[in-house]
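Novice: Here it is: the structure, laid out below.
The values are calculated or read from the model by the stated rules, or taken from the named source; none is laboratory data. What you are looking at is a predicted structure, and each value in this text was computed from that prediction instead of being measured. Reconstructed Cβ throughout: ideal geometry from the backbone, glycine too, with neighbour counts over all protein chains shown.
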Amino acid sequence: MRKIATIFLLIVAFGMVFSGVVSAQEVTTTVIDENGNPATTVCNGDTVTIDVVANNTDDITLEDPFVNITALKNSSLVVNPTTAIMYYNGIPYTNDPNDPFFWWEPDWGWVWWIGWAVDDNAMYPGETAILDVTALVKETGAIKVTSDFYAWPEQVEDPILLDSDSYTFQSVPCRHCHPHGATVPMQATGAPLAVAALGLLSIIGGAVYGKLR
């Protein structure tokens with residue numbers, strides 16, 4: 001009976017530790033607009049910054065930690081991997097194209113391999129990694145960016161999902177630059193009224209001038 005109780009307690013203890021790994025809030029995702037604020041509504045064609053923070057908040061060493069970053073629509077954001085900067089425990093790392101820590105993986109999407117800068121490819125308790133990468137907004141509507149944090153905790157053979165976090169913002173049509181430098185509101189169809197009126201006056205003026213001649 002004591003053996004059964006001991007085994008049961010060990011199973012419960014292991015379950016508490018393991019569930020702590022997978023349930024801890026260890027990753028956050030924020031999309032930052034051109035003014036440096038969390039994006040709510042941005043113009044289609046603007047550049048935003050995807051900011052992802054991953055923390056090892058548990059007492060377990062994480063082997064080969066990585067984050068999979070995806071957007072609700074694959075074509076809604078054009079990510080520039082050459083702009084990626086990773087801060088690991090406050091130390092900045094740039095994305096080397098010959099040895100990248102951030103790259104496109106057809107089967108996954110954008111992959112941020114935190115282990116690239118970590119000693120022994122292991123993320124120890126209390127350590128923090130931050131990724132900043134710019135992206136061009138290419139579609140209108142709601143855009144959702146999701147980060148999934150994976151790793152191999154000690155004595156675990158397959159990677160597990162530690163945490164997931166999403167951020168949603170709106171992309172809308174905005175004012176665009178007129179060929180002569182002035183800005184005019186975007187129209188659903190047709191030309192702005194001022195331009196149309198000017199064209200009509202030109203036509204009338206040309207007709208009157210022709211009759212006078």
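Novice: Which of the residues spanning segment 119-164 are aromatic (F, W, Y) and modelled with pLDDT under 90?
Specialist: Scanning segment 119-164 gives a single hit, W152.
Novice: Ok, one more. Can you work out which of the residues in segment 111-136 that are more than 22 Å from the chain's Cα centre (by Cα) and part of a helix (DSSP H, G or I) is surrounded by the most Cβ atoms within 10 Å (Cβ to Cβ)?
Specialist: Ranking the qualifying residues of segment 111-136, first place goes to N121.
Novice: Here is a further query. Can you tell me how many residues within segment 137-160 are part of a strand (DSSP E or B) and within 18 Å of the chain's Cα centre (by Cα)?
Specialist: 11
Novice: Before we move on, is F101 under 15 Å from E26 (Cβ atoms) and at pLDDT 95 or above?
Specialist: no
Novice: Could you please tell me which pairs satisfy a Cβ distance under 6 Å, a separation of 6+ or placement on different chains, a first residue in segment 71-94 that is closer than 17 Å to A117 by Cα, and a second residue that is aromatic (F, W, Y)?
Specialist: P81/F102; A84/F102; M86/Y93; M86/F101
Novice: Looking at segment 83-117 only, could you name the residues that are among the small types (G, A, S) and within 17 Å of V67 (Cα to Cα)?
Specialist: Scanning segment 83-117 gives A84, G109, G115, A117.
Novice: Out of all the residues in segment 76-107, which are within 13 Å of the chain's Cα centre (by Cα) and exposed (fewer than 11 other Cβ atoms within 10 Å of the Cβ)?
Specialist: Within segment 76-107, none qualify.
Novice: Looking at this structure, is L72 surrounded by fewer than 20 Cβ atoms within 10 Å (Cβ to Cβ) and aliphatic (A, V, I, L, M)?
Specialist: Considered against the rule, which asks whether it is surrounded by fewer than 20 Cβ atoms within 10 Å (Cβ to Cβ) and aliphatic (A, V, I, L, M), L72 comes out as yes.
Novice: Go through segment 29-48 residue by residue and tally those that are among the hydrophobic types (A, V, I, L, M, F, W, C), touching a residue at least 40 places away in the same chain (Cβ under 8 Å) and part of a strand (DSSP E or B).
Specialist: Total meeting the criteria: 4.
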